[in-house]
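Here the structure is laid out as C-alpha cells; the discussion comes afterwards.
The values are calculated or read from the model by the stated rules, or taken from the named source; none is laboratory data. Nothing here was measured: the structure is a model prediction, and the numbers come from that model. All Cβ positions, glycine included, derive from the backbone under ideal geometry; neighbour counts span all protein chains shown. Note: accessible area is taken over every heavy atom of the protein model, side chains too, but ligands, DNA and RNA are not part of it. Shrake-Rupley method; radii C 1.70, N 1.55, O 1.52, S 1.80 Å.
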Amino acid sequence: MGIIQAALVGSLSTLADTWEEFFVCESIPAETLVVRGEKKVGKHSSNKKGNENVISDGSTIVVHEGQAMIMVDQGVVTEIATQPGIYKYETGTAPSLFSSTFGAGLKNTFKEMWERIKHGGDVAKDQRIYYFNMKEILDNKFGTQNPIPFRINYQEIGRNFTVGVRCNGIYSYKIVDPVLFFANVCGNVSGSYGRSNLDSQLKSEFLDYLQPAFGKISASGIRYDELPVRQREVKEAMQSELNANWTERRGLSLETVSINSATISDEDTKRIQQFEDRVWNTNPNNAAATLVEAQAQAMQNAANNPNGAAMGLFGMGMAQNVGGFNAQNLFQMAQAQQATQPLDNTANAAPAAPQQAAGGDKWQCECGAINSKKFCSECGKPKPAPVSADGWTCECGAVNKGKFCSECGKPKPAGAPLYRCDKCGWEPADPFNPPKFCEECGDPFNDDDIVK
C-alpha cells in the first residue's frame, strides 16, 4: 500500500466529481496543531455508507501549503507527505515518503515506524489521515518569576559580577517531524489537537533552560543589558539546550526568541555602580573632579548648617586635613603622570626616576605624587637624598660619612671596606663603592687601596 503524487494543488472545485473518495483539509487555524482528515464522497461514488476508518483503493488525498499529512494504519504511520499536491492511494504500491523540506531525521523516523507494521500488507481495519500545521507557531509569551543568575564580565574594570536577571519576551516554534510529534505528543486524536494542550508545558521547559543558556551567553562576553539586541545568540543558546527535549523527542524546533527587557535588582545595580566609581577615581584627574564636586556640595551643605556657615566650613576644613590631600594635589599628580608618560614610540622605555620637583622643597616620588615632607604621602617611600661629595649610601637613600645614617639611624654596613687612593690619598664620594680609577692620579683601585 502507498500513495503516488497525482498532481500539484490547483482548483479543488471539481474534485468531488473527479475522484470517488478524497481527503482534504481546507485550512488549519493558527491555534490548531493537528487535525484529523475527513473523508469526502463524490456524487459518482457507490461507497455511500463506507467505514470512516477504511481508505478505499484509488482514494485521493490533498495536501496544501503549510501542511503535512500522515496516514496511520493500525496506529502506525505508513505514509508521509509534506510537499503540497494531490496524492492517489493505491494498495498495490510500497509505502511512500514525499518530503523535500525535511532531512534525514524524518526519513529515519518513518523507516523505524514502518518496521513495526506486522500485518504483511493486508488491508487493515483502521486507517486514518492526519494533517499537521507546519507553519510557525507565533506569540508564545514568557516571563521570569524569579531572578536567573547571570555572570557579567567587565573587562574594562577587570572584575566579574554575578547578578540576578529578570526578563520577558516571546518565542516561536514549529513542527519539524510530524511522525515524532504524532507518536510522542498528540497520538490518535479523534478531532483536533490545539496548541493550548502544549503551551504551559513548553513555557515551563523554556524557562527551566534559560539558566544554562544564560551561562553560555555570559561566557561569550555578552552582558545582560545586551540581551534584547542579541537575539541570534540567545536563540542559538536556547536551541542548544532544548534540542534533546524538543527536537529529538517531540519533533519541535525553536524558531525565534525575542527578549523585550532584561533588568537586575536595585542592589545589584548599586553594587556595580559603586565599583565603577572606585575604578573611575583611580585616575588622579577623575578623583580631583570628584573631590571638587564633593567639596562644592559640602559648601552648599555648610551654608545650610543650623549652627552657621562658619561651623560647617570649619568641619569641612578638618575633614580635608584628615584626608591629607586636596584637589590641587590630585591635579598636580595627574600632570606629573602625563609629563612622565612615554610617547607611543617609546612605550617600552624604562619609567622615569624620582626627581626633585620645581618650586621650594617639593619633590616628586617614583609613583608620581608631589610631596613636601620626607616621605611620600601616597606610597610611603622616603625622599631621595641629595648626592654628597663623600660618605656612604644608606638603604634609605641618604649619603653619610659617619658610622650611622643621619636620616634613619641605620649603622654603616658591617664589613664594608673603606677605600682611599694609596698613591695620592684621594677619597671617592662613596669610599665603600669606589670607581675603577682614581680621579686625581688615574691609579686603578684595588686591594692595596683598602684602608686597614
> Does Ala244 satisfy being modelled with pLDDT under 80, out of contact with any strand residue (DSSP E or B) (no Cβ under 8 Å at 6 or more places or on another chain) and not acidic (Asp, Glu)?
Replying inline: no
>> Being on the phi > 0 side of the Ramachandran plot and either surrounded by 13 or more Cβ atoms within 10 Å (Cβ to Cβ) or at pLDDT below 95 (or both): is that true of Gly215 here?
In response: no
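In region 170-180, which residues are of a type outside the set (A, V, I, L, M) and either on the phi > 0 side of the Ramachandran plot or modelled with pLDDT of 95 or more (or both)?
If we filter region 170-180 for residues that are of a type outside the set (A, V, I, L, M), which is where we start, we get 171-174, 177-178.
The answer is Tyr171, Ser172, Tyr173, Lys174.
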> Leu252 fails exactly one of the following numbered conditions: (1) open to solvent by 70 Å² or more (accessible area, probe 1.4 Å); (2) in contact with a helix residue (DSSP H, G or I) (Cβ under 7 Å, 6 or more places away or on another chain); (3) at pLDDT 95 or above. What is the number of that condition?
Replying inline: (1)
>> Please verify whether Asp208 is in contact with a strand residue (DSSP E or B) (Cβ under 7 Å, 6 or more places away or on another chain), exposed (fewer than 14 other Cβ atoms within 10 Å of the Cβ) and without any contact (Cβ under 8 Å) to a residue 40 or more places away in the chain, treating the condition exactly as stated.
In response: no
> Between residues in region 268-286 that are at negative phi and residues that are open to solvent by 60 Å² or more (accessible area, probe 1.4 Å) and at pLDDT below 80, which pairs lie under 6 Å by C-beta distance while being six or more apart or on different chains?
Replying inline: Asn286/Trp280
> Taking region 164-204 as the region of interest, how many residues are crowded, with 16+ Cβ neighbours inside 10 Å and either part of a helix (DSSP H, G or I) or without any contact (Cβ under 8 Å) to a residue 24 or more places away in the chain (or both)?
Replying inline: 10
>> Take the conditions on the phi < 0 side of the Ramachandran plot and at pLDDT below 70 and apply them to Pro386. Does it pass?
In response: yes
>> Restricting to region 129-163, and then to whatever is under 30 Å from Ile3 (Cβ atoms) and assigned to a strand (DSSP E or B), can you tell me which residue is modelled with the lowest pLDDT?
In response: Ile129
